[in-house]
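What follows is a single structure, written as structure tokens, with notes after it.
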Amino acid sequence: MADEIGSVRMDVEEEIVMPVTPVRANQSIPTVTAIILILGAVMVGYAAYNSFTTDEIFAEADEIALSESFTENNASVSPEDIQQYDHGLSNSKYGEWSGVLFASSTAFLITGGILLYQGDRRGIHLGLLGAVILTATNLWGGEASKEAAVHLPEVASLTFATMYYIYACCGVFCVVSAVMPMFFASGRAALSSPLVQLTI
């Protein structure tokens, strides 16, 4: 038995299949992601450079300025207190490993950015790894800062720890940015895998 649609006759077993519209690749999505990752790598690389080249976080002038700033906000903090915090954090496990971790994060972020700029899907994985290392390192820094600041007033301890948590938020932003091309079909279409490239 068959139904008639206009001048087309169809059997009951047949179905109308709509044509599939191919997704147009949008190269600007991975390009924007690549720029974000590379800029993030530059900033993290600067942090790694400071970790390797300086023994302590604050210079003597910075310690005096911070002491005066906290004192003006009703928190009695001397430059010696800031120096003790600086020494404790710089000589902690975090202080010993932060440079290495920041350097590895920089390498992964910049490599992932370059690969994404070239349209290589592997850039997502490397960029994501670098962003996760950055986030975890700064979260560790926040906890290490709290331990080094046990002798400081609460407002000073929270101020220093919050600085690391803000940096961790930057790492989370890099995590989201690294996977951004996968959120859009046109972004996924703009990326190729090594297997596809070899086949072509």
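The values are calculated or read from the model by the stated rules, or taken from the named source; none is laboratory data. Being a predicted model, the structure only gives us computed values, none of them experimental. Positions of Cβ are backbone-derived with ideal geometry, glycine not excepted, and every protein chain shown enters the neighbour counts. Note: accessible area is taken over every heavy atom of the protein model, side chains too, but ligands, DNA and RNA are not part of it. Shrake-Rupley method; radii C 1.70, N 1.55, O 1.52, S 1.80 Å.
With all protein chains in place and ligands, DNA and RNA left out, the 1.4 Å accessible area ranks E147, E96 as E147, E96, largest first. Heavy-atom accessible area, probed at 1.4 angstrom with all protein chains present, ranks K93, K146 as K93, K146, highest first. Here the dipole of segment 22-152 is about 1280 debye; that uses its Cα centre as origin and unit charges on the Cβ of Lys and Arg (positive) and Asp and Glu (negative). Peptide packing for 82-91, 165-174 was compared via the average number of neighbouring C-beta atoms within 10 Å per residue; ordered from the highest value, the list is 82-91, 165-174.
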